[in-house]
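Chemist: Before I ask anything, here is the structure I am working with.
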Amino acid sequence: MKVFYVEIENHKKILIEEKEKVYLLESLGYNFKDINDLIASGIDLLKLDLSNAKEVKKNYKILSPIEYPKQDIICIGMNYTDHKYEVELVSKKDFTKDVDTIYFSKRANKVLGNDDIIVLNKKITSRLDYEIELGIIIGKDCKNVKADEAKNYIFGFTIFNDLSARDLQTKYKQWYYGKSFDGSSVMGPCILLNDGSFDYNNLRLRTKINGETRQENSTKNMILSVDRMIENLSEAMTLKKGTIIATGTPSGVGMAFDPPRFLKNYDEIEMEIEKIGVLKNIVG
């Protein structure tokens, strides 16, 4: 089951997709303001009876499933071995494979969604880069959660593009500034609910730029798995409902090419994660 946040005739709505049919959630009597509100309610979508739900067939614009995060997004850096090696080749001073995975946060005043234009702000960066990541949405407050229990606290999964201004990221040494400019977070097209029917620690990822495959890997190759990540984070802090965690990117980012291949105007980005779908954007 997938959850979409969309705009229909200038109104924002929550849609449920099940077995290739799309239903309007409010037709079952649930009037949530957005998906943050839905998660906060604690409702179990997997138990919904959709037999009386209104099917939606008309055109609609897909929005980011969570446009306005309640907190900064938690990010994991250097979480694929191949990515650690490629960025060290760029600069041992700024990136090194000898460190453990890195936790950092990312400010997102508004998260872009599918088909939104990624604005290339040349006033602040000449090195805009892409990063495909599996996004985790926490569904229940969790503290001191063990890895083997982590699955019980996950609402679902999405595709996250952790856009990065590489010149700012290295200039300021601390990654927050170079990853938190307006429009630097893209998410979607939906949230795939964590229903136990698939192995989220073994999902294929792929990034295409103008039809050319740049990144291709699997979440099975993450250094810190989803479950261990939740255990580690919740040991130190309470992960609140609706928390977004971006789990790291594999090799193939633009800065690692020789010469570098940063994003430019009119580039078409397609990011795909198995079972979730495809997140499409154009740089403009």
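The values are calculated or read from the model by the stated rules, or taken from the named source; none is laboratory data. Quantities reported herein were computed from a predicted structural model and do not represent experimental measurements. Cβ sites come from the backbone with ideal geometry, for glycine too, and all protein chains shown count toward neighbours. The accessibility values were calculated without ligands, DNA or RNA, using every heavy atom of the protein model including side chains. Shrake-Rupley method; radii C 1.70, N 1.55, O 1.52, S 1.80 Å.
Chemist: Would you give the gap between the C-alpha center of region 38-90 and the C-alpha center of region 219-284, rounded to a whole Å?
Modeler: With region 38-90 and region 219-284 each reduced to a Cα centre, they are spaced 11 Å.
Chemist: Given labels modelled 7 Å from the Cα in the Cβ direction, how far is it in nm from Met237 to Asn221?
Modeler: Roughly 2.9 nm, to one decimal.
Chemist: Additional query: If ligands, DNA and RNA are left out, what is the accessible area of Lys70 with a 1.4 Å probe, given in Å² to the nearest 10?
Modeler: Estimated to the nearest 10 Å², Lys70 gives 140 Å².
Chemist: First compute the accessible area of region 73-283 with a 1.4 Å probe, then give the percent of it belonging to carbon and sulfur atoms.
Modeler: Using a 1.4 Å probe with all protein chains present, region 73-283 comes out at 47 percent carbon and sulfur.
Chemist: Using only Cα atoms, tell me the angle between helix 81-90 and the longest principal axis of the chain; keep it within 0 to 90° and round to the nearest 10.
Modeler: Between helix and principal axis, roughly 40 degrees.
Chemist: Ordering Leu15, Leu168 by how much accessible area each has at a 1.4 Å probe, largest first, what is the list? Kindly include the intermediate steps, with their values, before the conclusion.
Modeler: Details: Leu15 0, Leu168 20 Å².
Ranking Leu15, Leu168 by accessible area, largest first, yields Leu168, Leu15.
Chemist: Averaged per residue, what accessible area in Å² does region 73-283 show with a 1.4 Å probe, protein chains only?
Modeler: 43
Chemist: Report the accessible area of Glu268, computed with a 1.4 Å probe over the heavy atoms of all protein chains in place, in Å² rounded to the nearest 10.
Modeler: Here the accessible area works out near 100 Å².
Chemist: Relative to the present Cα-Cα distance, how much length would full extension add between Asn210 and Asn265 at 0.36 nm per residue of separation?
Modeler: Full-extension gain reported as 18.7 nm.
Chemist: To the nearest 10 square angstrom, how much accessible area does Arg214 have with a 1.4 angstrom probe?
Modeler: Near enough 40 Å² of accessible area.
Chemist: Helix 226-236 versus the longest principal axis of the chain: what is the Cα-based angle in degrees, 0 to 90, to the nearest 10?
Modeler: 80
Chemist: Based on the Cβ-Cβ distance of Ile124 and Leu46, what FRET efficiency does E = 1/(1 + (r/R0)^6) give at R0 = 35 Å, to the nearest 0.05?
Modeler: The value I calculate is 0.25.
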